[in-house]
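All remarks here apply to the structure that follows.
Where a number appears in this text, it was derived from the coordinates with a stated rule and is not lab data. All figures in this text were calculated on a predicted structure; none of them were measured in a lab. Ideal geometry is used to build each Cβ from the backbone, glycine not excepted, and the neighbour counts take in all protein chains shown.
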Amino acid sequence: MTDLPHLAARLYGAPLLIARPKLETILAAIGPRLLGLGPLPAATEAAAAPEPHITEDGIAVLPILGTLVHRSAYLGAASGLQSYLEIETQAEALFADPRARAVVLEIDSAGGEAAGVFETAARLRALSVESGKFLWAVATPAALSAAYALAAAADAIWVTETAEVGSIGVVAVHADQSAKDAKEGIAYTFLHAGERKLDGNPHRPLSEEARAAIQADVEALYERFVDWVAKRRGLRPEAVRAQQAAIYRGQAAIQAGLADAIGGLREAIAALSGRLEVLSTPAKGRIFPGGHMQTPVTAPAAAGAALDAAELERQMAERAAALLEIAEQARALGVAIDAAAALREGLSPEALARRALAEAARRDASHDIVSVQPAAAAPKSSLVEAARRFAQGA
């Protein structure tokens, strides 16, 4: 089998979000062959990768397995690669499927390429918010580095007792082949324009300027990774950095703030299904699916239609009242919602309800029963007070 230069380009020089043991395995197994020191092993028939599916309880399962890359093309099935683009496409289909009440990411990956991972993580989060469906993740047995970035998009992260999560860091590898070239009597001459064009070239030693440029890129990606995890997990960025890209197993992952509950895919699906049953039970004052807050607020008139000031004021008051009611109900779950801020943002009552649900789910993912103290009341707002009077018919 011929060498694959595109695989070499992905492995050497480009920043990676991958756990150290996996990187060492790749470098030892195929690194020399990618550098021309030997042929790649003959391709063997790969086992079919698990397909996304929906359980009888309406829980969609999206497997995320193997080494993650931005685009795998024809290499995916035979090489254990899964692309971020494929994950997005599959997630979009599952969230849009009316049979799916929620989505669970089944993750067994040590990470992969930096390129594309944060965009896919953000897309997963957006799909959950837009659809109003919970997104959970299960590390079984690993969600490391880039795979953890995807897991962090979830409302809750489960780990088995022996599963690993973390490795929140970035690495780049440069292979200097100049000694090998000299031994083989090969001298490469590059004609180029642009002083930085050959940064990281494997046929010459890494210059200090190139080293600094690559390190700066690694640091920038690391900061983005840290910020994403801190935001999604409710941690301080300093606490995430203090982990120094460590890997945590089972209960230690929960103590580090990187996971919420102990259990495998079966346990997570059962817990999520049970929660959905509870949340879908109609009850007075409930903001969850099936509750009265799903009644839509009067929509604005079609574009171009003339609305008088009184009608606009009425619609704004109705929307403000709905947002206020959701905020007050969310307080019972220990979730602080600023109704005035939501109104200024143009947030719909449905979107605010989903936000409150997602935050409540993240907080109590490891408990069967929610038991929290109501959050402190937000500062009074004249806008909210007006909405309160409107809701009470004043």
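Observations on the model:
- Exposure proxy ranking for TYR148, TYR248, TYR188, TYR84, based on other Cβ atoms within 10 angstrom of each Cβ and starting from the fewest, stands as TYR188, TYR248, TYR84, TYR148.
- Cα gyration tensor, region 70-172 - rounded (a/c under 1.5), prolate or oblate: oblate
- For ALA245, distant residues with modelled amide H under 5 Å away: ILE168
- Averaging the Cα positions of each part gives two centres, and for region 86-128 and region 138-202 these lie 22 Å apart.
- By the count of neighbouring beta-carbon atoms within 10 Å, fewest first, LYS231, LYS180, LYS133, LYS197 end up ordered LYS197, LYS231, LYS180, LYS133.
- Proximity of backbone amide H atoms, modeled 1.01 Å from N, is registered between TRP136 and VAL103, VAL104, LEU105, ASP155 at under 5 Å, excluding neighbours fewer than 5 places apart on the same chain.
- Once both labels are positioned 7 Å from their Cα atoms along Cα-to-Cβ, the gap between ALA212 and ARG236 label points is 3.3 nm.
- Note on VAL117, VAL104: ascending count of other Cβ atoms within 10 Å places them as VAL104, VAL117, the fewest first.
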